[in-house]
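A.B. asks: The structure is given below, and queries will be raised subsequently.
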Amino acid sequence: MHYETKKLDKSQVELIIHVEPGDYQTDMENAAVRLSERAAIKGFRPGKAPYEMVKQQMGELKILEEAMQSIVEKNFYQASKKENLETIGMPSITIEKFAPGNDFIFKAVVALLPKVKLADVGKINVKLEEKPVTDEDTNNVLNDLRKMQPKEILKNSAATKEDKVIVGMEMFIEKVPVEGGQSNNHQVYLGEPHYIPGFAEQLIGLKKDDIKEFTLKFPAGHYQKHLAGKNVDFKIKVSDVYELQYPELDEDFAKSLGQESMDKLKEVLAKNLADDAKQKSEQKAEIAIFDQLIEKSEFEEIPEVLIDAEKKKMFHELKHNLEQQGIGLDQYMKDLKKTEEEIYKDFTDNATKRVKAALLSRQIALDNHIHAEKEDIDKEIETIRQAYKGDQVVEENLKKPEVIDTIALTIQNRKVVQWLKDKVLSK
């Protein structure tokens, strides 16, 4: 086997590979066995017919067709290994010459992992900005917790800003009913912002069985794109009005949340807020570090296969997040007035940025001998196993080499992030 290589744009390489007949004879013999197992050769048990007999009955071209995949895979692998190519994705294969007794010639075009010239980490300037937790922050959380435990008292008087109302609602645009704009039991907490700006304010002062019609203009940037910027007519009928009575912030309230006293509850809340603030500030710093590294590092052209793979991952994440919110993908695309292809296109910039961050992480790990130790991987696997105890699917997946490799990469990336923070944030 011999080959020629040619560097292409977008971090791709072309290999023209010539395989002499003597080099692919074993592949032909193995192919003949497979053919004789599937097609009966008179006088022989399946898979036992001699090569010449299979050749005579089925033709050498048929044997070569059967052998083609193994010839291509084996010789492409050997050529890539000799050239020390770090390939990604599957190669695009074109058969150039295909005839028994002649050189088997094929062309392989494959994407390469792009090289990275890492910026000087010492010149990255990011500061950890931690916002101190105040008594006001703690009190705001306390009030939010208090509002989660209201006692609802049915009332016959007019609704105030502190009440909750149940309404039947119909929405129209130019007298045409809005799709999804009807509800018989729509709950509205009048003291909280409503997803339709100005809607809650229209209900203050109304009583049970009151009917009201009004028009609201939706903001131009409203998330429901089919309503954004439009005048929408509403017809509502009040079913019930409830007075909301909230518990006192006293020792009993603290005990209802599992704490021995109000002071202890405030202490726990303050610590949780501080931990959350620290986590958010560190995440913000991590993003800033990678943003600067991406800007100051040099990358070979990123292969489309990497960006496309990241787009697919982002699309899967989007679908998962929508499902968590009870929103269908079709409705989401309808609201955006975009197709699946257009959403994919919108992902391009962020996908490219994520790919560059992954390439940087890999390069830092290589340069600084950062990797996941066996005990790290075992510990992570055990943590996952405990989180999904009794789940046989998870248990089987944790034995797969590709899953273990993914776990190892996740740990390695985590170590790289910590290494970067130690270098940058300690200055």
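The values are calculated or read from the model by the stated rules, or taken from the named source; none is laboratory data. Values in this document were obtained by computation on a predicted structure and should not be read as measured data. Counting neighbours? That spans all protein chains shown, and the Cβs are built from the backbone with ideal geometry, glycine included.
A.B. asks: So, in the stretch 34-50, of the ones that are modelled with pLDDT of 85 or more and buried (at least 17 other Cβ atoms within 10 Å of the Cβ), which residue ends up nearest to residue 65 (Cα to Cα)?
C.D. replies: 35
A.B. asks: Being of a type in the set (Lys, Arg) and buried (at least 16 other Cβ atoms within 10 Å of the Cβ) is the filter here, so list the residues in the stretch 371-427 that pass it.
C.D. replies: Passing the criteria: 415, 421.
A.B. asks: Which condition number in (1) modelled with pLDDT of 90 or more; (2) surrounded by fewer than 16 Cβ atoms within 10 Å (Cβ to Cβ); (3) touching a helix residue (DSSP H, G or I) at 6+ places or on another chain (Cβ under 8 Å) is the one that residue 69 fails?
C.D. replies: Against the list (1) modelled with pLDDT of 90 or more; (2) surrounded by fewer than 16 Cβ atoms within 10 Å (Cβ to Cβ); (3) touching a helix residue (DSSP H, G or I) at 6+ places or on another chain (Cβ under 8 Å), residue 69 comes up short only on (3).
A.B. asks: Restricted to the stretch 143-181, and to residues that are touching a strand residue (DSSP E or B) at 6+ places or on another chain (Cβ under 6 Å) and small (Gly, Ala, Ser), which residue is surrounded by the fewest Cβ atoms within 10 Å (Cβ to Cβ)?
C.D. replies: It comes out as 168.
A.B. asks: Within the stretch 224-233, which residues are out of contact with any Asp or Glu (no Cβ under 7 Å at 6 or more places or on another chain) and over 15 Å from residue 182 (Cα atoms)?
C.D. replies: Result: 228, 229, 230, 231.
A.B. asks: What helices (runs of 4 or more DSSP H), lying completely within the stretch 1-97, carry at least 2 residues that are within 26 Å of residue 109 (Cβ to Cβ)? Don't jump to the end; show me each part of the working.
C.D. replies: Values: elements: 21-38, 51-58, 60-82.
Answer list for the stretch 1-97: 21-38, 60-82.
A.B. asks: Pick from 351, 365: which is modelled with pLDDT of 90 or more, under 21 Å from the mean Cα position of the chain (by Cα) and assigned to a helix (DSSP H, G or I)?
C.D. replies: Only one candidate qualifies: 351.
A.B. asks: I've got another one for you. Out of 115, 151, 107, report the one residue that is among the basic types (Lys, Arg) and more than 30 Å from residue 75 (Cα to Cα).
C.D. replies: Testing whether each residue is among the basic types (Lys, Arg) and more than 30 Å from residue 75 (Cα to Cα) leaves just 151.
A.B. asks: Return yes or no: is residue 80 in contact with a Pro (Cβ under 7 Å, 6 or more places away or on another chain), among the hydroxyl-bearing types (Ser, Thr, Tyr) and modelled with pLDDT of 85 or more?
C.D. replies: Answer is no for this residue.
A.B. asks: How about the stretch 376-395: which of its residues are closer than 16 Å to residue 409 by Cα and of a type in the set (Asp, Glu)?
C.D. replies: 376, 378, 380
A.B. asks: Pick out the one residue from 214, 234 that is surrounded by 13 or more Cβ atoms within 10 Å (Cβ to Cβ), at pLDDT 95 or above and under 25 Å from residue 331 (Cα atoms).
C.D. replies: Working: 214 fails: under 25 Å from residue 331 (Cα atoms).
Among 214, 234, only 234 is surrounded by 13 or more Cβ atoms within 10 Å (Cβ to Cβ), at pLDDT 95 or above and under 25 Å from residue 331 (Cα atoms).
A.B. asks: Further question: Please tell me if residue 122 is in contact (Cβ under 8 Å) with a residue 12 or more places away in the chain, loosely packed, with under 14 Cβ neighbours inside 10 Å and on the phi > 0 side of the Ramachandran plot.
C.D. replies: no
A.B. asks: Let me ask something else about it. Quick check on the stretch 401-408. Is at least one of its residues among the β-branched types (Val, Ile, Thr), touching an Asp or Glu at 6+ places or on another chain (Cβ under 9 Å) and more than 21 Å from residue 121 (Cβ to Cβ)?
C.D. replies: Scanning the stretch 401-408, I find at least one residue that is among the β-branched types (Val, Ile, Thr), touching an Asp or Glu at 6+ places or on another chain (Cβ under 9 Å) and more than 21 Å from residue 121 (Cβ to Cβ), so the answer is yes.
A.B. asks: Among the residues of the stretch 334-345, which ones are without any contact (Cβ under 8 Å) to a residue 12 or more places away in the chain and surrounded by 14 or more Cβ atoms within 10 Å (Cβ to Cβ)?
C.D. replies: 338
A.B. asks: What number of residues within the stretch 271-304 are more than 22 Å from residue 123 (Cβ to Cβ) and either crowded, with 17+ Cβ neighbours inside 10 Å or among the basic types (Lys, Arg) (or both)?
C.D. replies: 6
A.B. asks: Quick check on my filter: what residues within the stretch 291-310 are part of a helix (DSSP H, G or I), modelled with pLDDT under 90 and not aliphatic (A, V, I, L, M)?
C.D. replies: Residues satisfying the conditions are 304, 308, 310.
A.B. asks: So, one more: Taking the residues in the stretch 86-129 that are small (Gly, Ala, Ser) and closer than 19 Å to residue 355 by Cα as candidates, determine which candidate is modelled with the lowest pLDDT.
C.D. replies: Narrowing the stretch 86-129 to residues small (Gly, Ala, Ser): 89, 92, 99, 101, 108, 111, 119, 122.
Narrowing the set further to residues that are closer than 19 Å to residue 355 by Cα leaves 89, 111, 119.
On the way: 89: 75, 111: 87, 119: 94.
Here the answer is 89.
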